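All of the numbers you see were taken from the coordinates with simple rules; none came from a lab. Computed from a predicted structure; not experimentally measured. Cβ atoms come from the backbone with ideal geometry, glycine included; neighbour counts cover every protein chain shown.
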Amino acid sequence: MIILGIETSCDETAAAVVAEGTKILSSVVSSQAAVHHPYGGVVPELASRKHIETIVPVVDQALHSSAVALKQLDAIAVTRGPGLVGALLVGFCFAKSFAYALDIPYVGVNHLEGHINSVFLTDDPPPFPFVALLASGGHTSIYYVTSHTGFELLGQTRDDAAGEAFDKVAKMLGLGYPGGSRIDQLAKEGNPENIKFSRPYLNKSTFDFSFSGLKTAVWRYLQKNNDTYHDQIPDIVAGFQEAVVDVLCYKIIHAALAKDCNHIALVGGVAANSRLREKVRHDAKNDGIKVHIPSMALCGDNAAMIAAMGYHYLKAGIVSGLSDDVFSRARY
Ligand code: KG4
Ligand code: ZN
């Protein structure tokens, strides 16, 4: 089955062609980061407009580089939610119309399930069941995953998502948007021991997270050291990043132990963080747990993961109808 995947939930316009749910024939991601950079965050109206401009060339490029002809496409999978409604509608309406014109089925996919399934696009996918940490700009959640479509939510953030905290701290320091990768790079020049921030929810007996207090602690530090902090930016971001990574790492390993699971998956944009990847791998080894992380290109938003997830819906006979609509918030 050859599926065209489409993703426009936030600030990436993406299209991909995937065969049999695992073989990526092409994957094109057009980032709007430069559009949103001056604002320190995604501006929804600008995102929708940019998706409208970009969707046709991006789909064209994905089809062209896959060398798959239109008549070889079996179906289209598209992100239905959660995300920015105006942004989602661009991809969703495009997919609906394109599928109608080609007379093939289309299926709306949950973006979060797509991220979790991105781990099956690696050479080393985990066996079921496994525990997944999904950490992105909009979500920070832990799931017990029993099948391609079976997810039990074990815990989630009560306020900011981990990626959102990275982006907000970067904004406070004038590092621009998106902040995660900038902080990741800058932290390598700093020492996380020099400026320490408290670890939110670390020892609480829950798999929930809370990152807004940590973000405020960084803000307070900047206020208190207004005259001197400019020379300490690498140490500040290293200290902040280490606090986030400690909490994410502790919780995902404890969730795996609680579920008696030997396999962990890290997915979502924050899974691209080099310190997180290193620490989870190191700490999990001590408990005999194997860690599975998608390639960097598949951690952030992409359409290959949407096509991969759509494959499992379509195989189960699930398709979307012409009257179906997008949704902004997830049920779980
Ligand atoms: O999964 P994603 O591309 O989009 C959402 O579904 O939200 O995740 C984007 C988030 C942003 O908050 C970005 O700052 C963060 O992932 N991110 C990182 C890194 N690369 C991206 N956070 C920490 N370290 C990184 N290297
Ligand atoms: Zn995402």
**Complete:** Descending packing, highest mean Cβ count within 10 Å first, for 157-165, 264-272 is 264-272, 157-165
**Request:** For n ≥ 4 DSSP H runs only, could you compute -39500 (n - 2.57) per run for the chain, divide by its residues and tell me the 222 nm figure to the nearest 500?
**Result:** -13500 deg cm²/dmol
**Prompt:** Under a point spin-label approximation (7 Å from Cα along Cα-to-Cβ), what is the PHE327-GLU189 distance to one decimal in nm?
**Reply:** 4.5 nm
**Per-peptide average of other Cβ atoms within 10 Å, ordering 302-315, 170-183, 195-208 highest first** = 302-315, 170-183, 195-208
**Asked** Given the pairs LYS188/LYS290; LYS204/LYS251; LYS71/LYS96; LYS188/LYS279, which span a C-alpha to C-alpha distance of over 18 angstrom in this model?
**Response** LYS188/LYS290
**Fill in**
Under the Karplus relation with 6.51, -1.76 and 1.60 and θ = phi - 60°, whole-Hz ³J(HN,Hα) for segment 219-230, x at Gly and Pro, equal 4, 5, 4, 5, 5, 5, 10, 3, 7, 10, 5, 4
**Message:** Tell me the relative contact order for the chain as a rounded percent, counting alpha carbon contacts under 8 Å between residues six or more apart.
**Reply:** 25 percent
**Prompt:** Quick one: of the DSSP bridges fully inside the chain, what percent are antiparallel, nearest 5?
**Reply:** 60 percent
**Request:** At most 15 other Cβ atoms within 10 Å and a DSSP loop assignment: could you name the GluC sites (Glu not before Pro) in segment 1-88 that fit?
**Result:** GLU20
**Complete:** Protection proxy (average C-beta count within 10 Å per residue), highest first, orders 108-118, 74-84 as 108-118, 74-84
**Prompt:** Given Cα pairs under 8 Å that are at least 6 residues apart, what percent is the relative contact order of segment 125-293?
**Reply:** 29 percent
**Prompt:** Which angle from 0 to 90°, rounded to the nearest 10, does the C-alpha axis of helix 44-66 make with the longest principal axis of the chain?
**Reply:** 60 degrees
**Asked** So how tilted is helix 162-172 from the main axis of the chain? Cα-based, degrees 0 to 90, rounded to 10.
**Response** 60 degrees
**Message:** Using only Cα atoms and rounding to the nearest 10 degrees, what angle (0 to 90) does helix 85-102 make with the longest principal axis of the chain?
**Reply:** 20 degrees
**Fill in**
For segment 44-135, averaging the sequence separation of alpha carbon pairs under 8 Å that lie six or more residues apart and dividing by its residue count, the contact order in percent is 28 percent
**Complete:** Once HIS230 and ASP124 are pulled to full extension, the length gained, defined as 0.36 nm per residue separation minus their Cα-Cα distance, is 33.9 nm
